[in-house]
Amino acid sequence: MKNNKKTKEQLIKEIGELRQQINNLKKLTNSDQQAKKMLLNPNELYKALLLTSPDAVTITDLEGRIIEVSQQTLNMHGYENPEELLGTTALDLIAPEDHERALENMKKTLTGGAIRNVEYTLLKKDGTPFYGELDASLIRDAQGNPKALIATTRDITGQKLAQEELQRKVDEFSLTFENAKDAIIWADPETCLVTNCNKATEWLLEKKKEEIIGHHQKELHPPEKAEYYMSKFKMHIEQKGAVDDEAEIITKFGRTKPVFISASITTVGGKPIIQGIFHDISEQKLIEKSLRESEDKFRTLVEQSLQGIIIGQGSPITTVFVNTAIADILGYTVDELMNLSTAETQALIHPDDRKLFFDRYTEKLEGKPSPSHYELRAIRKDGSICWVEIFSTRIVYSGEPAVQAAFIDITERRKAEDALLSSEEQYRTLQSNIPVGIFRITGGADGRIVSSNPALVKMLGYEIQEEMAEIRVTDLYMNQEDRKKFVELLSTIGEISNYEVQLKRKDSSVFWGSLSVKAIIDKTGNVAYMDGILEDITERKEAERALQRSEVQYRTLQANIPVGLFRTTADTSGHIVSTNPALAEMFGYKDPEEMTTIRVADLYINQDDRNTFIEILKSKGEVSNYEVQFKRKDNSVFWGSLSARAIRDASGKIVYLDGILENITERKEAERALQRSEVQYRTLQANIPVGLFRTTADTSGHIVSTNPALAEMFGYKDPEEMTTIRVADLYINQDDRNTFIEILKSKGEVSNYEVQFKRKDNSVFWGSLSARAIRDASGKIVYLDGILENISARKQAQIALEESEEKYRGVVDNSLVGFYITQQHIIKFCNQKFVEMFGYDSSEQLIGKHAKNLIAPESWELVNKMVMLRESGEEETLQYVFKGRKKDGTIIDIETSGSRIFYEGKLAIQGNMLDITERKRVESKLKILASRDALTGVLNRGVALLLFAKQLQTAKRENTRLSICYLDLDGLKDINDTYGHQEGDEALKLVSRFLIQSLREADVVCRLGGDEFLLILPHCPLNNAYHVWERISRSVVTFNAQNIKPYIISLSRGFAEYNPDIPSTVDQLIANADMEMYKHKHSKSEE
């Protein structure tokens, strides 16, 4: 750009000339835009045209009553569904002052066949007016008689505002200085006197403008620092560059305020000035102080936690943080853990659990779905094994992805769970709730229902299954011939799928059903039963009929729609298969038939455009709004917008291209005129020292205009280079852009919105955004105008502090242990786990309460004593157990540890709590329950059922299979009767020994009672379970062959498998295995 300056009078003259140019611009319109995607056959293509057109399409009868509207018509006028408009008159959408003119134009359309580019004031549903432009034409039937009217409407409110926009730009530029949110001060570099300032300067200094202008710049600062800032001022003049620095100013009333100054040397009226932008950072300083205090608080909570915490980064893992608790759990010091090598770190996890832990660490680190809560074994420094419960989460630590894992030592709890004995009530098998009818009926023409599920009973309108026992199946058919054909077909082919037929319910109402049935053949070759499924497809059948009716309505659109429709071959040259009259007219041909001899490529001005169009279609399958120049039959040129879709055959080969062509010549000319006028305004923003911009209001954002300062801020050579950039791509975080847009839409403006941006070279900087929404006459936001300041320097210190505070806050918030801070027994802070532990909904319900509310009366004396010992300094840290009281009065067991700290300048107690109620309950039960069967030494029934439930939960969580085996000692009663109960007991012991010898260490054997045993085989699919039975059988056969006993040992067995894809309960699996065992016993008795 040229550096010569223009006088104010020259600028005013240019502005006047530009305003006149805008006033003289011919009103130009955008052509109708129709459907973006084509359906797969011609009939659906015409239907999609109305449904997908981006412009409003309305069809009325010859009296003006609306009979069809597109979705864009609903959107433009603010309606939700077509029923609100169908049957109303088109005049309801037009402002009353235009009704008479609209009726005249309707007459013209009926007599002349079409009208074009007619402007009206239109109305939204809520009465809001907006400007629209309308094209209308007649729809004729096959005989050429008028049938209906079709109109396309465009919102042209934006064009109407073009003239006003130029004046607004000029006015806004002149107000930028005065209305800036930050103080702007100009000073003479020679005299150091203030020459100008804005209104924000008055607010900052608490002085009137006349008290500031003409005074020495050092008077802006506290007297004791005036000379220091004077030297900085002189240094700035000598270096002749931009300076960003923090400073202090003093107000009229002696108050000192911290500010961030961005100073630069510029020229005003041909003379150099020092311009300083003063941003008040008082609130920021208060935030930084608060962050430091918060960091100290959370750091103390984490360091004193009973919950072990590790933060790891990178792959292989590098430990970047551990607290004292995890060091205590593993028997190391904090320094020892932090200095372990990668191999030593991996060795902390038990070899059998190592893959699980590090796989889940990697998944978490990479942001992939992975369980956050699980249990595994760790190895302490002394080599002993401990069980730990882990809760992991992905965090950002020191600017890089990391995984934070919280460890709780659950070794004692695991021991308690492994040894827990308790008998549980058995559950009843639940009937399946599959939502389709399942049945078995007898063979033959009439048919009787043998069995059915609840869904079939409900589908046929009955209350209970027994009601259906006497029904003849043939009576359920609307047409007896359908039943007869169905039975004959099934007898012939043996199986039928998706046989659609009308059936009737108990109340004689009719529905459509889809039958899938398989014939069960008896020994004579006749159909004994029919097993099948019935699905109610009434809704689908009604939808199909409605679709058939709607197809007819859209076929007439082809002949009357005012855009070109076509189908061509897919080769580069292209052969026209079919077109509508509008396309033929667009290219200057008399009818579609005349175009069938034309090569499509010959219609393009530039053959490369055709090639590119074909390449995109082949790679993506569709093209939308592809703008290109075409030539008519008379060789005149026009601009067209192509939207098309590739049609493929069964092998996937492209055979046709179906699409729409719109004439956009007028729109392209209007765009070029607007582009020429915009260039003339860019010089208005050239010298402002902050970034100025105008963008569109959508989430992605398109840069309409900027000044050189903004381009320089983002590392671009000039504003023009930025016009191709999506605003959203300048944000480091897209969510920041979304939030910014949402605030602007709700409040109309945003001040000092701080966010990270990236430059052209991908370097990052912090910016402070202030912007306001620019609305059109209807209140719709069309542009965003604003200012951007670079605030990177002052953000660096703040971000570092926030990251440190966030690190410790995150550890506390994600903890499985309750954290708290109290002062004189009053709760000052607690985390979410603490809140949940005592049955409250939020920390606000507890902050300010006396801690006595959370302590059972019998434990208050103990707790009070421990607090006093810590407050007095006699004991720095104490750990003990007490009875807590939840919000609903429930008493729980709490283990706590706490220490003395200073919080907000006062003595306080901080600590953490762990709910050990369940552990206490388990420990209590252990004192009462026994774990072994007294006779055989294996686990008894109570332990078996609890252990089975636990193993089933593990299988569900880990998505693995599990098998059980139900065993019965055959003939135990005969052994007792013949040889005595002592020998029967000996037989049971022998069986127990065979079972234990044949199982893995992880498998479980227990005696359910009498002669029945249960084997639990974790991580064992059913096919592997049969290998276990083979080992048991070999042991039994070997023993019987030795003839040690006067009787033989014989076992019956039944297997059941848990499949993660098929939910099953403990009772269901045992019942299944029991049934299989009796089948096995029965089969042996028949041999």
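The values are calculated or read from the model by the stated rules, or taken from the named source; none is laboratory data. Remember, predicted model here, so these are calculated numbers, not experimental data. Neighbour counts run over all protein chains shown; Cβ positions are idealised from the backbone, glycine included.
Checked against (1) buried (at least 16 other Cβ atoms within 10 Å of the Cβ); (2) under 26 Å from ILE799 (Cβ atoms); (3) not aliphatic (A, V, I, L, M), PRO708 meets all criteria but (2).
Every residue, every condition in (1) under 22 Å from the mean Cα position of the chain (by Cα); (2) under 30 Å from GLY78 (Cα atoms), yes or no:
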| position | (1), (2) |
| --- | --- |
| ILE725 | no, no |
| THR739 | yes, yes |
| LYS747 | no, yes |
| ASN752 | no, no |
| PHE765 | no, no |
| LEU769 | no, no |
| ALA773 | no, yes |
| GLY779 | no, yes |
| ILE787 | no, no |
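Taking LEU534 as the residue in question, decide whether it is under 48 Å from the mean Cα position of the chain (by Cα) and free of Cβ contacts under 8 Å to residues at least 40 places away in the same chain.
No; evaluated as a whole, the condition is false for this residue.
Can you name the residue in segment 363-393 that is surrounded by 15 or more Cβ atoms within 10 Å (Cβ to Cβ) and β-branched (Val, Ile, Thr) and, of all such residues, is farthest from LYS833 (Cα to Cα)? Only one residue tops the list, namely ILE379. State all residues of segment 884-898 that are among the polar types (S, T, N, Q) and assigned to a loop (DSSP other than H, G, I, E, B); if no residue qualifies, say none. Result: THR890, single match.
Screening ASP977 against (1) crowded, with 17+ Cβ neighbours inside 10 Å; (2) part of a helix (DSSP H, G or I) leaves a single unmet condition, (1). Taken over segment 107-125, the criterion of being touching a residue at least 24 places away in the same chain (Cβ under 8 Å), in contact with a helix residue (DSSP H, G or I) (Cβ under 8 Å, 6 or more places away or on another chain) and hydrophobic (A, V, I, L, M, F, W, C) is satisfied by LEU122, LEU123. Take segment 610-646 and flag every residue that is without any contact (Cβ under 8 Å) to a residue 60 or more places away in the chain, among the charged types (D, E, K, R) and surrounded by 17 or more Cβ atoms within 10 Å (Cβ to Cβ). Result: ARG610, single match.
Where helices (runs of 4 or more DSSP H) fall entirely within segment 42-147, those with at least 3 residues that are over 27 Å from ILE660 (Cα atoms) and at pLDDT 90 or above are at 99-112. For residues in segment 498-525 being among the charged types (D, E, K, R) and in a strand (DSSP E or B), which is modelled with the lowest pLDDT? So, considering only residues that are among the charged types (D, E, K, R) and in a strand (DSSP E or B), the one modelled with the lowest pLDDT is LYS518. The lone criterion from (1) more than 30 Å from MET1077 (Cα to Cα); (2) assigned by TED's automatic domain parsing to the domain that holds LEU1069 left unmet by GLY980 is number (1).
Residues that are in a loop (DSSP other than H, G, I, E, B) and modelled with pLDDT of 70 or more were ranked within segment 394-436; the one that is surrounded by the most Cβ atoms within 10 Å (Cβ to Cβ) is ILE410. Comparison of GLU303, GLU248, GLU224, GLU336 shows that the only residue that is at pLDDT 85 or above, in the same structural domain as GLU400 (by TED's automatic domain parsing) and charged (D, E, K, R) is GLU336. For segment 505-530, the set of residues classified as touching a strand residue (DSSP E or B) at 6+ places or on another chain (Cβ under 7 Å) and over 15 Å from ALA455 (Cβ atoms) consists of VAL510, TRP512, VAL517, LYS518, ALA519, ILE520, ILE521, ASP522, VAL527, ALA528, TYR529, MET530, listed by residue number. Scanning segment 839-868 for residues being assigned to a helix (DSSP H, G or I), of a type in the set (Gly, Ala, Ser) and closer than 16 Å to GLY889 by Cβ gives a total of 1.
Conditions tested, residue by residue: (1) among the basic types (Lys, Arg); (2) at pLDDT below 80.
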position	(1), (2)
ALA242	no, yes
LYS257	yes, no
THR266	no, no
LYS271	yes, no
ILE281	no, no
LEU291	no, yes
SER294	no, yes
GLN307	no, no
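Selection over segment 354-378 of residues that are without any contact (Cβ under 8 Å) to a residue 24 or more places away in the chain, among the basic types (Lys, Arg) and under 23 Å from ILE329 (Cα atoms) gives a count of 2.
Any residue in segment 973-996 that is more than 30 Å from LYS1084 (Cβ to Cβ) and not aliphatic (A, V, I, L, M)? For segment 973-996, residues more than 30 Å from LYS1084 (Cβ to Cβ) and not aliphatic (A, V, I, L, M): absent. Residue count for segment 138-154, restricted to those that are in contact with a strand residue (DSSP E or B) (Cβ under 8 Å, 6 or more places away or on another chain) and surrounded by fewer than 20 Cβ atoms within 10 Å (Cβ to Cβ): 7. Going by the structure shown, is ALA528 assigned by TED's automatic domain parsing to the domain that holds TYR477 and surrounded by 12 or more Cβ atoms within 10 Å (Cβ to Cβ)? In short, yes.
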